[in-house]
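**Q** One structure follows; several queries about it will come next.
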Amino acid sequence: MGYIMELRELVGSRPLIMAGACVIVELNGAILLQKRTDNGFWGLPGGALEPGETLEQVARRELFEETGLTAGKLELLEIFSGEELYYRYPNGDEVHNVIAAYCCRDAQGQAYADGEEGSELRFFPVDQLPPVHEWNPADRPALNTYLSRI
């Protein structure tokens with residue numbers, strides 16, 4: 001059980017500040033997105049910081065756990081926080097996310113959906129991404145920032 005789940009046992013669905021990281025994997029002009037099982041949106045591999053981890057370690061761990069890919073060089077895109085990163089999960093849990101978004105252009109391995117957090121993985125050409133309203137809300141700022149810089 002992870003740190004956030006342990007906190008949830010104590011505080012229920014009350015809002016938590018949740019630090020974490022996500023990874024924008026771009027290979028051959030396409031971005032890897034996963035279809036999330038919790039809300040049905042397309043999102044980035046990523047997750048919450050565990051005690052003692054660095055944000056880069058979170059990015060690497062979550063990328064591997066959720067996709068089977070191993071990150072090579074990670075480049076910090078930006079750290080995102082604020083009102084637009086408030087999220088209420090379908091189960092009622094509330095979070096205020098603080099997210100370090102990383103870019104990776106040299107991930108290695110065979111990509112597969114883990115079946116727990118993602119039901120499908122797909123590389124989308126940057127000009128053929130799903131519509132914004134189908135993006136996971138917490139990932140929209142990172143994706144918009146990334147796309148504005150390429």
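**Q** Name every residue in region 75-100 that is touching a Lys or Arg at 6+ places or on another chain (Cβ under 7 Å) and either surrounded by 19 or more Cβ atoms within 10 Å (Cβ to Cβ) or outside any strand (DSSP E or B) (or both), in order of residue number.
**A** Within region 75-100, ASP93 is the sole residue that qualifies.
**Q** So which residues in region 1-54 are among the small types (Gly, Ala, Ser) and either over 18 Å from PRO130 (Cα atoms) or in contact with a Cys (Cβ under 6 Å, 6 or more places away or on another chain) (or both), if there are any at all? Talk me through it step by step, then tell me what you get.
**A** Taking region 1-54 as the starting set, the residues that turn out to be among the small types (Gly, Ala, Ser) are 2, 12-13, 19-21, 29-30, 40, 43, 46-48, 52.
Selection gives GLY2, GLY12, SER13, ALA19, GLY20, ALA21, GLY46, GLY47, ALA48, GLY52.
**Q** Still on this model: So for region 109-132 (the condition being in contact with a strand residue (DSSP E or B) (Cβ under 7 Å, 6 or more places away or on another chain), surrounded by 12 or more Cβ atoms within 10 Å (Cβ to Cβ) and at positive phi), does at least one residue qualify?
**A** yes
**Q** Among the residues of region 112-122, is there at least one that is within 21 Å of LEU147 (Cβ to Cβ), more than 13 Å from the chain's Cα centre (by Cα) and modelled with pLDDT under 95?
**A** No, region 112-122 contains no residue that is within 21 Å of LEU147 (Cβ to Cβ), more than 13 Å from the chain's Cα centre (by Cα) and modelled with pLDDT under 95.
**Q** What number of residues in region 20-72 are surrounded by 22 or more Cβ atoms within 10 Å (Cβ to Cβ), in a strand (DSSP E or B) and polar (S, T, N, Q)?
**A** 1
**Q** Select from region 128-150 the residues that are modelled with pLDDT of 95 or more and among the charged types (D, E, K, R) and write down the one among them that is farthest from ASN97 (Cα to Cα).
**A** Applying the filter and picking the extreme gives GLU134.
The values are calculated or read from the model by the stated rules, or taken from the named source; none is laboratory data. Treat the numbers as computed from the prediction; the structure is a model and nothing was measured. Neighbour counts run over all protein chains shown; Cβ positions are idealised from the backbone, glycine included.
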